[in-house]
Every structure is written in C-alpha cells, then in structure tokens.
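*Asks:* Below you'll find the structure I mean.
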Amino acid sequence: MSDIATLLKAVLAFLSSAATLVASVGAVVAFALLVTILVRYLEQSAVVISEIDVPPDLVQQGYSQTVAQSRFHDALIHYYNEAQNKIHLASLEVSSEEPDVTIPAVGLPFNFVADSVAPMLHISRQRVAGELTESHHRLWLQLRLNDSTFLVKNQGDISPRGADALFIVATQEVFEKTEPFVAAAHLYIVGHEAAARAITTKILKSGLPGNDANSIWAHVISGVMYLGDRNYKSASSDFNAAIADDPKNAVAHNELGRVYFSEDDLKDAAAEYTIAMKLDENWAAPVQGLGDVYSVQGKVALRDAEYKAAIALAHE
C-alpha cells in the first residue's frame, strides 16, 4: 500500500478516536480535513484495478482474484516502465488496492468519496474491472472501464500462464483508454512511430484542457518524434506548447534544450538544460546536456564536472 494510503489510515484512526471532536465540527468539516490527502492519493492513483473475477479452475491452481489483480497490475507497470525508461514520463501509479475504510462522521466508504471527489478536482481517475472465464476450452478476458466493456480477448491456454498472457496483451488497450500518452510513448520506443503519432494527434484534437496531463505529454512525445526526424521547427513548437501549459515540465525544457543544441544555439540550450536541472534535480539527462554545451564551448573543467555529476545521478 502507498505511503498516502498509510497516512490516510492514520488520519482516519485519529479522527475515529477523537469522536467528540468529530461530532462537534460536523461531517462537512471532517470531510474537508481529508480533501488534501484525498487529492494526493488521487493524483498518485490514476488507474485503479478494482476487481478481476477468476474461474474456479484457476482458483484451485492458486490463481485467486487477489493474484489476478496483482498480475494485471504487474503487467501494466512493466508496460509503463518500458516507456518511462526511454522517455522521462510523469510519475503514474497503477493501484490494485485502496484503503478499505469508512470516513468517520461522513460515514461513506473511501472508494466512494475518492471517486466522487476526483471529477470536482478535474483529476483523471479510471477504474478498470473485469473477469476471466472459461468457455469452449478457451480462456476469456473481459475488461470494463468505469462499468463500460471495452475489451474482450481469448486464447487457448487456460492455465495461470494463459491468464498472464491475456493481461500482457491487454495492456496496450488499457492505456489507450485510460492514459493514452503512455500508450503513445510505448509505441514510439518500440518502433511504431506512425501508431504513436496517431494517438498524440487524437489526444491533441480531442478538446482536452491544456493543463490535462495527456494533452501536455502528447505535445512532449510529439516533439520527441519531430526531434528524431530533425524537424526542429515542429519539435520546438510542441515543446513550447507543453511548457506554456506546464512550465514545470522538466522533460519539455530538456528536449527544447536538445533542439537548441542541434541548431547550435548554445546559449538557449544551456538555459533550457539549467531549467530542467532545477525542476528535476535527480535526472541525469539535462546535466549531461549541459556538459555537451560546455564541451562544444571548450570549457573542459565545466564539461568534466557536469559529466561526472550526470554519471553519479544515472547510477543512483
């Protein structure tokens, strides 16, 4: 369970023990006391696996509902990490468990409150559920997003290994439906640039508000693709659009620095790398980029200092 969930339980325990206080301030104030914690939890858990039903034959083999949720969670995290390792994506948590608690005074389950608060705070919160079933000697996976069926897959291996395989196959479509910028990033890093471009274009034409994570990261990923094609004008346009909507996006600043460096604009490249370094002090890429600037400028001591710092960060 995440640190936020643990903190939430601790706060709820305190409120439960302070029954007189809670009663005096009333349900509305008790609810307000938890909003900050709820926001932080919601921001960490963009995709929630609420339940995966499992047929009796798999349960007898030790593949219970809890195991299925865990294996599905692992498949989604592995997919995300593959993309995140190549493109320094925003932190995204896929949760397979939530605090099973009732908020005191309010008297409502945490899950209900979290799902109710998320839209009011303009936080994307996607709940995935489904079931594994056996039929005609095949194993079927049906998934629902916020109660609407969006995926049905099947294959002939009805063992736990077959269930794992279905979860792996499902990951692409899950992210396309929940956090499509992750799907675009993954497709790009595995060499399917046309498919990645189709997703970023769809996101940017979807009418999402500019501060939506998918819109911001669609610009970043689109810019990375343009940069790879040496289309510096289009890359710069995308990175600047991302920065306009999210000035603290370290990746957009770093990639814009790469554009300037490629155009031999060393002053602006150094400025963007420096901004990225300040925004993400634990990321090696902009440190190395600044070292590259010093290398071209012939500043050997400064170059070596940045390269050493980049190596240290990369090995942390």
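The values are calculated or read from the model by the stated rules, or taken from the named source; none is laboratory data. All values derive from a computational prediction rather than experimental measurement. Positions of Cβ are backbone-derived with ideal geometry, glycine not excepted, and every protein chain shown enters the neighbour counts. These area figures cover heavy atoms from the full protein model, side chains too; ligands, DNA and RNA do not enter into them. Shrake-Rupley method; radii C 1.70, N 1.55, O 1.52, S 1.80 Å.
*Asks:* For the range 282-294, enumerate the residues that are modelled with pLDDT of 95 or more and open to solvent by 50 Å² or more (accessible area, probe 1.4 Å).
*Replies:* Selection gives Q288 alone.
*Asks:* Counting only residues that are among the charged types (D, E, K, R) and either open to solvent by less than 30 Å² (accessible area, probe 1.4 Å) or touching a Ser or Thr at 6+ places or on another chain (Cβ under 8 Å) (or both), which one in the range 118-133 is modelled with the highest pLDDT?
*Replies:* Among residues in the range 118-133 that are among the charged types (D, E, K, R) and either open to solvent by less than 30 Å² (accessible area, probe 1.4 Å) or touching a Ser or Thr at 6+ places or on another chain (Cβ under 8 Å) (or both), the one modelled with the highest pLDDT is R127.
*Asks:* Six or more apart or on different chains, Cβ under 6 Å: which pairs go from a residue in the range 58-71 that's of a type in the set (K, R) to one that's exposed (fewer than 15 other Cβ atoms within 10 Å of the Cβ)? Could you list them?
*Replies:* Correct list of pairs: empty, since none qualify.
*Asks:* Also, quick follow-up: Residues of the range 204-223 being hydrophobic (A, V, I, L, M, F, W, C) and surrounded by fewer than 23 Cβ atoms within 10 Å (Cβ to Cβ), which ones?
*Replies:* Listed by number, the residues that qualify are L204, L208, A213.
*Asks:* Restricting attention to the range 69-117, which residues are small (G, A, S) and either at pLDDT 55 or above or surrounded by fewer than 19 Cβ atoms within 10 Å (Cβ to Cβ) (or both)?
*Replies:* S70, A75, A83, A90, S91, S95, S96, G107, A114, S116
*Asks:* Within the range 284-294, identify whether any single residue is charged (D, E, K, R), in contact with a Phe, Trp or Tyr (Cβ under 9 Å, 6 or more places away or on another chain), over 25 Å from D212 (Cβ atoms) and not in a helix (DSSP H, G or I), and answer yes or no.
*Replies:* no
*Asks:* Scan the range 134-170 for residues that are open to solvent by 60 Å² or more (accessible area, probe 1.4 Å) and among the small types (G, A, S) and report the count.
*Replies:* So the answer is 1.
*Asks:* If I go through the range 206-256 residue by residue, how many of them are of a type in the set (S, T, Y) and not in a helix (DSSP H, G or I)?
*Replies:* The number of residues fulfilling the criteria is 1.
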